[in-house]
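For reference, the structure is listed below as structure tokens.
Just so you know, all these numbers are worked out from the coordinates, no wet-lab data involved. This one's a predicted model, so the numbers in the text were calculated from it and none came from an experiment.
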Amino acid sequence: MEQLDAAIKFFKDNWISISSLIISIVALAITWKKNVIDRHYANDKDLLEQLKSSMSMAYNSISRDDGNEHFPISDRLKWLTAARHIIRYNVLKSGLKTKLFKTICDEQEEFWRNNFYSLLEKIDSANFFGYIDQNEMVEEVIEPKSAAIVLSFSTWKEGMGDPIEDFELEDIVVKYSLFTPTYRHFRQYIEQRFPERAEKIRNLITSQST
């Protein structure tokens, strides 16, 4: 009891100093947290630029631009280079700390994944992976592991959420009035190909107007 009384008396006599100390500690913690967050944002911003560069270099390594569209290049060294860029990309991506830049990175990755898919679907036969080196005039083949790494990047990643699944067709159409005359071709498309969904949309429109 005496110890408790002494503690209460000490607090009463020194509450201003104790309160100031607590405020200082809280302010220091807030400042420290803000500095950490700011540092993460700054680091992630720089890292994102490198991630974009890695994707661009990987794509350009195996892509030939004929002025109108891109075509894949059959070259062992170029596919090896592309595979290395993709591996480094995956390693660097794991270093992102902030949710914002992780989301931006996923967006950029989907853009490049689509580019790779469009490029690689132009491979028309197994002969693409074997070719004649024009300098040495010997047969060369693209290393299978390099090919697998590049091809795997162009596929949709298992377990990766598809953001479009968060939206319902009917809700989008009703919310943005996509069944109005302005969008009549879209409406006709839905009515002809998906009559049940069109009926559901009309019912929703009717229920909201009553």
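Computed from backbone phi, the HN-Hα couplings of region 81-89 come to 5, 4, 4, 5, 4, 5, 4, 5, 4 Hz, rounded to whole numbers (Karplus: 6.51 cos²θ - 1.76 cosθ + 1.60, θ = phi - 60°; Gly and Pro given as x).
Checking the cross-link pairs K102/K122; K97/K175; K52/K145; K93/K145 against a 26 Å limit on the alpha carbon distance flags K102/K122; K97/K175 as lying beyond it.
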